[in-house]
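The values are calculated or read from the model by the stated rules, or taken from the named source; none is laboratory data. Values in this document were obtained by computation on a predicted structure and should not be read as measured data. Note that each Cβ is placed from the backbone with ideal geometry, even for glycine, and that neighbours are counted across all protein chains shown.
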Amino acid sequence: MTSINVLGIVASPRTGNSEYLLERALTEAQNLPFDINANTIRLRGKKIQPCIACFKCLENKGTCILKDDFEEIKSAWLDADVVIYSAPVYHLSIPGQLKCFIDRLGQSLNGYYDVRSVRHLKVVANIAQGTHLFGGQEIAIANLILHEVLMNCVPIAGDGWESYIGAAGWTANQRDRQAFKQLDESDDHDASITIRAANRMVQRAIETAAIIKLGGLQLSDCLKDDPRYKPFLNRIAKE
C-alpha cells in the first residue's frame, strides 16, 4: 500500500474554524486506500519572525539565524508528500505568521540545496474561510497558489463548482471560533458546501500525490541525473 505523508498547517492564531475544516477533511481521508500518515501543525502559539533579508541562510546551508519555531515547521514541510494550508482571511490575504513562514521557507531552501528551482512536487491543497461572504477567500487562496508554483509544487482543487481553486467558506457573519462546527451541526447549506469541497480536495490531493510518487519511482532512472529532482527522489525512495 502506498504511504502518503500529509502535513496540515492551521494558520489561525486561535482554535476553531480553520482547524475544524482541516480536521474534518483529514478524518474523511482516512477512508482512502492509502497508508496515510497525517501530522497537523498549528501556528497558534508558534513564534515565526519575519525574514530580515540578511541572506545568512545562503551561507549556512539554509539554516536561518532567527531562533524561533521556523526550522521545526520547515522540516515537517520537507518531509510531506501533501501539504494542506487552512487559513482565515486577514486583510484580503493570509495571516502574518503564515506569510512569514513561506517568505523564509523559499529563501532558506535556496541555501539548503546546491541548485535552485528544486522540484519539490508536493501536492498542496488550500482552505480559506472568513466571517464574510466574498471577503477575500479566493484572493487568499490565490496568494498561496503563487507560493506553491514558486516552490515547484502542485496546487490542486477539488471537484466541480464547489472548488474552482480551493475550498472557501464563510461563517455567516459569526465571529465565534466554533461557528463552522455549529453551522455544520445545524445542516447549514453554505457550510456543507465548504466542508464537502474541503473533503474532496484533500482526497484529490492524496490521490494525486500517490500518482506522482509512483510515477517518480518508475522514472527515477530518467530523473536521477538532474540534481533538481534529487530531494523528490530521496523522499519517495523511503516508500
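Some notes on this structure:
- Near pairs, Cβ below 6 angstrom, 6+ apart or cross-chain, from the stretch 152-164 (more than 16 Å from Y85 (Cα to Cα)) to any residue that is outside any loop (DSSP other than H, G, I, E, B) and not basic (K, R): E162/I193; E162/A197
- Scanning the stretch 45-102 for residues that are closer than 23 Å to K238 by Cα and polar (S, T, N, Q) gives a single hit, S75.
- Residue list for the stretch 1-27, restricted to those being of a type in the set (D, E, K, R) and either assigned to a strand (DSSP E or B) or modelled with pLDDT of 95 or more (or both): E19, E23, R24
- So A168, is it farther than 24 Å from I4 by Cα, surrounded by fewer than 23 Cβ atoms within 10 Å (Cβ to Cβ), of a type in the set (A, V, I, L, M) and in contact with a helix residue (DSSP H, G or I) (Cβ under 9 Å, 6 or more places away or on another chain): no
- Residues satisfying the stated conditions in the stretch 66-76, i.e. without any contact (Cβ under 8 Å) to a residue 40 or more places away in the chain and closer than 18 Å to Y113 by Cβ: F70, E71, K74, S75
- Selection status of D81, acidic (D, E) and over 30 Å from Q178 (Cα atoms): no
- Number of positions in the stretch 75-129 that are modelled with pLDDT of 95 or more, charged (D, E, K, R) and more than 12 Å from the chain's Cα centre (by Cα): 5
- Taken over the stretch 45-65, the criterion of being closer than 21 Å to I9 by Cα and without any contact (Cβ under 8 Å) to a residue 24 or more places away in the chain is satisfied by G45, K47.
- A single entry from I127, I139 fulfils the requirement of being outside any loop (DSSP other than H, G, I, E, B), touching a Leu at 6+ places or on another chain (Cβ under 6 Å), of a type in the set (A, V, I, L, M) and crowded, with 18+ Cβ neighbours inside 10 Å: I127.
- Single unsatisfied condition, Y20 versus (1) out of contact with any helix residue (DSSP H, G or I) (no Cβ under 6 Å at 6 or more places or on another chain); (2) over 15 Å from R104 (Cβ atoms); (3) in contact (Cβ under 8 Å) with a residue 60 or more places away in the chain: (1)
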